[in-house]
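Bear in mind that the values in this text are calculations on the coordinates, not laboratory data. Note that this is a predicted model, so its numbers are computed, not measured. Cβ placement follows ideal geometry from the backbone for every residue including glycine, while neighbour counts extend to all protein chains displayed.
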Amino acid sequence: MPKLPVLTPKKVLVILQKSGFEIDHITGSHYILYNMETKRRVTIPFHAKDLPKGTLLSIMRMAGISREDFS
């Protein structure tokens, strides 16, 4: 299993958009994305710092995407 990369919210947003997610709406500093095919909703905290590992794992779980897709 590959090591989890350190990513910024901007990079995570690009990865999720390539996976079929679209920005549904923005609430404060959080982007809410939705995938019409899988009917999944993902929330990304959009701050200037890198995402913590736990937050990135949670986003991966919500999106149904594996670690290999984030590498």
Segment 18-40 residues near the modelled K49 label - backbone nitrogen below 18 Å, point 7 Å along Cα→Cβ: 29-31
Taking Cα pairs under 8 Å and at least six residues apart, what relative contact order does the chain come out at, in percent? 38 percent
Where a ≥ b ≥ c are the square roots of the eigenvalues of the C-alpha gyration tensor, would you call segment 9-70 rounded, which needs a/c under 1.5, or, failing that, prolate if a/b is larger than b/c, or oblate? oblate
Given the rule -39500 (n - 2.57) for each run of at least 4 DSSP H residues, summed and divided by the residues of the chain, what is its mean residue ellipticity at 222 nm, to the nearest 500 deg cm²/dmol? -9500 deg cm²/dmol
